[in-house]
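No lab work stands behind these numbers, since they all come straight from the coordinates. Note that the coordinates shown come from a computational prediction; the quantities given were computed from them, not determined experimentally. Every residue, glycine as well, gets a Cβ built from its backbone with ideal geometry; the counts of neighbours run over all protein chains shown.
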Amino acid sequence: MTRARDQRPETTSDDARFVEVLRDAYAPEPLGPARRAALDAELRERIARRARCWRVGGAAAAVAATAAMAWWLLPVSPTALPGSAPAAAPQRAEATPAPESPAGGDVEAWELELLYGSDAAQPDGEAELPEEYLAIASMLLDG
Amino acid sequence: MEEAIALEGVDASELEARFEAFVVSHRERARRLAWRLLGGDEAAADDVVQDACVRAHRALAGFRGEARLETWFYRILVRQAHSHRRWRAVRELWGASSEREPADPQPAPAGDPALRRRIAAALEGLTRAQREAFVLVHLEGFTVRETAALVGRAEGTVKTHLHRALQRLRSELADLDEKRRSET
């Protein structure tokens, strides 16, 4: 009992009477039988509805997860994506393409220019270099 | 008043039956507590109690055997009441409800509805911690230790909140206090 008394707040008798007034005045009306039955029925319905939502939500989540996994795992061609550029032509700074066309035979300069741009029309790679670089290259290569 | 329910070794149907019995026996107290925490809003109190019951029912499977069901349930209730107050404040802020004070829905209320509204307004002037401590301890009869467990604060902190709440309410409702003294 002492232990229970220690758990009560220390209040004066005046405070205790003041609190008693508040306690008596500030309380709801008790539940009537009709209202109680209505709340019981509503509670059962809420619990059942929540259980149904969990079941439906769980199934929907499983479907969504499966779809996401399938999308992630399936190979997607870059060209199939909207806005993707078609297979790009080789860069101009890269090695000069061989003069032979894929179909065979000699390639005309205009053909190279059409395919790869004006720079690629030069068959000789060294001629592409500026003069000063040509001089440096000759010095280095020739010793 | 302790209702320690041993959950280990209890099958689901028996657990369900015990939970329903618990709700029936504690509904009045839970409703009164929620009503007092929510400023006398009866509809909101019923809604909060129902929601707390549903949450408690859902969490029952994961209930830890060492905790008291009663403390656990009222902890949920206090938390739900606080959440409801926050949402009500948001709704009022956005103009969803122009009513600052909850209307007294009872057609022929017993007691003094004006006094109820005054007390509700005085409690609204407290901080959340003071209001919860005062309602739980002084109005609902929980011990300081039980209240500390419900609100997740130290017992000393709860006592401090109680003291400050009582001081403020005595100040706000001083005329009520004088009237009571003159009548006795």
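Can you give the average number of partner chain beta-carbon atoms within 10 Å of each beta-carbon in peptide B:29-41, as a whole number?
Mean shielding count: 2.
Which of B:PHE19, B:PHE142, B:PHE73 has the fewest other C-beta atoms within 10 Å, and how do the rest follow up to the most?
By the 10 Å Cβ count, ascending, the order reads B:PHE19, B:PHE73, B:PHE142.
Evaluate peptide A:9-18: per residue, the Cβ atoms of other protein chains within 10 Å of its Cβ; return the mean as an integer.
5
Counting partner chain Cβ atoms within 10 Å of every residue's Cβ in B:134-145, what's the average? Walk me through the numbers before you get to the answer.
Details: counts 3, 3, 0, 5, 10, 7, 1, 2, 1, 7, 5, 4.
That average works out to 4.
Tell me, what HN-Hα J-couplings in whole Hz come from the Karplus equation 6.51 cos²θ - 1.76 cosθ + 1.60 at θ = phi - 60° for each residue of region A:58-67, using x for Gly and Pro?
x, 5, 5, 5, 5, 5, 5, 5, 5, 5
Could you calculate the FRET efficiency of A:ALA62 with B:LEU115 from 1/(1 + (r/R0)^6), where r is the beta carbon distance between them and R0 is 56 Å, rounded to 0.05?
With R0 = 56 Å, the Cβ-Cβ based efficiency is 0.50.
As an exercise, use a Förster radius of 30 Å and the Cβ-Cβ distance of B:ARG86 and B:ALA59 to find the FRET efficiency, rounded to the nearest 0.05. Let's see the in-between values first.
On the way: r = 21 Å, r/R0 = 0.71.
Given R0 = 30 Å and the Cβ-Cβ separation, E is 0.90.
Between region B:128-161 and region A:9-44, how far is it from one alpha carbon centroid to the other, in angstrom?
Distance between centres, Cα-based: 17 Å.
Starting with the fewest neighbours, write out B:ASP41, A:ASP40, B:ASP175 ranked by other beta-carbon atoms found within 10 Å of each beta-carbon.
B:ASP175, A:ASP40, B:ASP41
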